[in-house]
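The values are calculated or read from the model by the stated rules, or taken from the named source; none is laboratory data. Just so it is clear, the model here is predicted, and its values are computed rather than measured. As a convention, Cβ positions derive from the backbone with ideal geometry for all residues, glycine included, and neighbour counts pool all protein chains shown.
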Amino acid sequence: MRFSRRYLSSAQVDRAQHSLKEKVSMKPIFLAAAACLFFNGPALAMTDVQCTTLWKIADVNSDGKLSGTEGDRYLAMMRIANQTTGADGTMTETVFQESCKTDFFKIAEADIGAPLAGANSFTETQAKDRVVAHGFSMPVTLVMDDRGVWRGATMQDGKSMTVAVDYKGNVVAQ
């Protein structure tokens, strides 16, 4: 509510504004903000349309399954989560869609300061799966440094780069 000084004195405007401040309590705003922090629900999963669009992009040769380079990223994600894929190392559209709708293919942001030093329990193969799951090409080799971080050369979008995988699974291009 705005008051015009044209019709009210300064004192009247000040009293009216003070009265409004008393009526507008900060308590409901604070409680709403606290509820957002403590009671945040799960993120919304991808819709059928979004998953179908993602499938069409992934299934480059339109053969109804992901295999070879078109499936590398998604198959790596399945291996990381110990999920089963086709016996022949492929993924069907049905499995892809079910996984997509539960946000299975969502990539987590790397922790601040990653790669983090620590005792790394990943094997080289497991570290490579994490690199591929993040959209990089399969690195030829990864070498663990003295900080417990796997490092190696890879490609993404036609560009050569170094990638690191720390003990928490954070994948960072460097």
Within the stretch 125-148, identify whether any single residue is outside any strand (DSSP E or B), modelled with pLDDT of 90 or more, of a type in the set (F, W, Y) and farther than 30 Å from D48 by Cβ, and answer yes or no.
no
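Can you tell me which residues in the stretch 149-167 are surrounded by 15 or more Cβ atoms within 10 Å (Cβ to Cβ) and of a type in the set (K, R)?
Within the stretch 149-167, R151 is the sole residue that qualifies.
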Return the residues of the stretch 149-173 that are within 23 Å of F105 (Cα to Cα) and part of a loop (DSSP other than H, G, I, E, B); say none if nothing qualifies.
D157, G158, D166, Y167, K168, G169, N170
Within the stretch 80-108, residues closer than 24 Å to T141 by Cα and assigned to a loop (DSSP other than H, G, I, E, B) come out as A81, N82, G89, T90, I107, A108
How many residues are surrounded by 15 or more Cβ atoms within 10 Å (Cβ to Cβ) and of a type in the set (S, T, N, Q) if we restrict to the stretch 55-105?
5
Please verify whether the stretch 130-148 includes one or more residues that are within 19 Å of M77 (Cβ to Cβ), crowded, with 19+ Cβ neighbours inside 10 Å and among the β-branched types (V, I, T).
yes
Among the listed residues G113, G71, which satisfies the condition of being closer than 20 Å to D48 by Cα and either without any contact (Cβ under 8 Å) to a residue 24 or more places away in the chain or assigned to a helix (DSSP H, G or I) (or both)?
G71
Can you tell which of D72, D88, D111 is in contact with a helix residue (DSSP H, G or I) (Cβ under 9 Å, 6 or more places away or on another chain) and among the acidic types (D, E)?
D72
Considering only residues that are at pLDDT 90 or above and touching a Leu at 6+ places or on another chain (Cβ under 9 Å), which ones fall in the stretch 74-94?
Y74, L75, T90, M91, T92, E93
Here the qualifying pairs (Cβ atoms under 6 Å; residues six or more apart or on different chains; first in the stretch 154-174 and at negative phi and at pLDDT 95 or above; second surrounded by fewer than 18 Cβ atoms within 10 Å (Cβ to Cβ) and basic (K, R)) come out as none
Within the stretch 106-129, restricting to residues that are surrounded by fewer than 21 Cβ atoms within 10 Å (Cβ to Cβ) and of a type in the set (D, E), the one that is farthest from A173 (Cα to Cα) is E124
